[in-house]
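**Q** Mind having a look at this structure? Questions to follow.
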Amino acid sequence: GDTLIDDEPLHAENEGFKPISPIEQRKQDRILERLVKNIGKNVRNIDLDGNCLFRSIADQLGDPFGDICFAKLRELGVEWMVLHKDELLPFVVPVGGRNPSAEFDIQISELRNNTSWKYSSNLMLIAMSALTKRPIHVYTYDTTNGKLFTAKEAHKSLTQDEKDGVPLFLVRKGDKHF
């Protein structure tokens, strides 16, 4: 079947996740992998190095090691976000009493750091969808009901044919790793 790519850890502070023990996380990861296999897909592990999101997407775009274009994808994603700041601001969750614009600027600064994984979440997924002209499907384990949950991101600039095209697949494991 299709290959799903393990991806980037998310900034838990903005995502509302509560930390769980490493043992419980491994248990949930195994359940998630089994659920993904049940729908005919496989999980491929990508090293957790702060560039996982970009390596995962590079892999699916035809760069099997994610070594050639992951840095360019990261750079392009950050630049796209900067150019579309006004569009993205309503989705920025401020931390520590900051206003959304200040929070966005902090996130951009972190994302410019080649090894930072912080803030590589929904806003960057929207940027990657717009840049690659492909929808992105994110699979995760819903601990509430023990089922596979799928979130789909597609930037509004995608045509209907692009939205209906071959998606990029990501698996989100817990609050720290896709």
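Readers should treat all values here as calculations from the given coordinates under stated rules, not as data from a laboratory. Source: prediction; values computed, not measured. Reconstructed Cβ throughout: ideal geometry from the backbone, glycine too, with neighbour counts over all protein chains shown.
**Q** Which order do the peptides 128-138, 20-30, 160-170 come out in when sorted by mean C-beta neighbours inside 10 angstrom, highest first?
**A** Values: 128-138: 20.3, 20-30: 12.5, 160-170: 15.5.
So the peptides 128-138, 20-30, 160-170, ranked by packing, come out 128-138, 160-170, 20-30.
**Q** Which entries in the list 41/173; 72/152; 85/156; 37/133 go over 19 Å, if you measure between the two C-alpha atoms of each? Intermediate results must be reported in sequence, preceding the final value.
**A** Numbers: 41/173 15 Å; 72/152 24 Å; 85/156 15 Å; 37/133 26 Å.
72/152; 37/133, as the Cα separations exceed 19 Å there.
**Q** From the C-alpha coordinates alone, can you work out the Kirkwood hydrodynamic radius of segment 126-178, in Å? Write down the numbers at each step before the final one.
**A** Numbers: mean 1/r = 0.0851 Å⁻¹.
Taking the inverse mean of 1/r over all distinct Cα pairs, segment 126-178 comes out at 11.8 Å.
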